[in-house]
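The values are calculated or read from the model by the stated rules, or taken from the named source; none is laboratory data. Predicted model only: the values in this text are computed from it and were never measured. When we count neighbours, we look across all protein chains shown, and the Cβ atoms used for this are built from the backbone with ideal geometry, even at glycine. Please note that ligands, DNA and RNA were not included when accessible areas were found on the heavy atoms of the full protein model with its side chains. Shrake-Rupley method; radii C 1.70, N 1.55, O 1.52, S 1.80 Å.
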Amino acid sequence: MSFSSQKGLVNLRGVNHYYEWVGYSDSFPSKPVMVFLHGWGGSCRYWRSIAELLAPDYDCLLYDLRGFGRSRENNRVAIGYELEDYAEDLYLLLEAFNLDKVYLHAHSMGASIALTFLTIVPERVQKAILVCNGVYTYNPLTFNLFYRASISVIKSRGQWLLKIPFADRIFMSRFLHKPIPKPMYSCFLEDFLLAEEKAAINTIFSSVNQKNVEIMPRRFAQISIPTLMISGEKDRIIPASLAKKAVALNKKNIVYHEIPNTGHFPMLEAPNQYLDVVENFLNASPS
């Protein structure tokens, strides 16, 4: 069976969003649809390898969040950067492709967007997979230091980084516990440099703030569809302990799996093990 894909731009609220369909058919969609959301500073391309493995059973829709990857913002269009704003982008994406009900597969900040979507329009989701996410405690000093450091790094970015030997490995060292395919190192650095400054800065504030410390636990508790949470055992960005706190809020609808010896990208660090966990969840009958 030959592999095929389809890619292009779809206009959502005046912003052209880059998307890719990954599947084994010429007509999209012909199977259940799985929509993938990437994390902060990234793009949909780090999901492509997992989407290709799932493509025999799902038509996989990958897209770049507004202001990231190839979804370039239009300065004449004023849209917010709250999680709810990105959840609305997702809703409009489904409308644009006439998708009634989908599977969501989301990572890090993308998982926070997916969680927001789940609590607004749960009837549009069959099952959800939330990767490297959780609930955390608000600490003003820690948050302010995080904001300052993040903004400084964003503003000091430059294409010159791509010319420094091993810069991509150094950039990814905090995110990983195990090696990933060599080409992906440079892809992550390129995506970080490509992220638009306004989107990169504003989504840091909208993703990590006191409001979400209060709201996100309620949203986890409100989940009403089968949901899988996956953590990397050695994740230093969003420790597995934060995911366990989220799962404890809704044991009825959330199941948890921790991938041993992986960091913030378990889907790339241990793809075969990750795929087994995902397929077991997707194939499980409702309890």
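Observations
- Scope segment 261-287; condition in contact with a Pro (Cβ under 7 Å, 6 or more places away or on another chain) and in a loop (DSSP other than H, G, I, E, B); matching residues: Pro286
- Qualifying residue in segment 238-260 (condition: part of a helix (DSSP H, G or I), open to solvent by less than 10 Å² (accessible area, probe 1.4 Å), under 26 Å from Thr119 (Cα atoms) and not aliphatic (A, V, I, L, M)): no
- Of residues in segment 119-167 being hydrophobic (A, V, I, L, M, F, W, C) and part of a loop (DSSP other than H, G, I, E, B), the one most open to solvent (accessible area, probe 1.4 Å): Phe166
- Matching residues in segment 55-72 - criterion: being open to solvent by 10 Å² or more (accessible area, probe 1.4 Å) and under 20 Å from Gly14 (Cα atoms): Arg70, Arg72
- Here Ser112 passes the criteria (1) at pLDDT below 95; (2) of a type in the set (Ser, Thr, Tyr); (3) open to solvent by less than 20 Å² (accessible area, probe 1.4 Å) except the one numbered (1).
- Scanning segment 73-97 for residues that are open to solvent by 60 Å² or more (accessible area, probe 1.4 Å), in a helix (DSSP H, G or I) and not charged (D, E, K, R) yields one hit, Tyr91.
- The selection criterion, being among the aromatic types (Phe, Trp, Tyr), under 30 Å from Ser152 (Cβ atoms) and either touching a Cys at 6+ places or on another chain (Cβ under 7 Å) or open to solvent by less than 40 Å² (accessible area, probe 1.4 Å) (or both), holds for Phe192.
- The listed residue being in contact with a Cys (Cβ under 9 Å, 6 or more places away or on another chain) and acidic (Asp, Glu), out of Asp168, Asp100: Asp168
- Looking only at segment 261-287, and only at residues there that are of a type outside the set (A, V, I, L, M, F, W, C) and touching a helix residue (DSSP H, G or I) at 6+ places or on another chain (Cβ under 7 Å), the one that is most open to solvent (accessible area, probe 1.4 Å): Pro271
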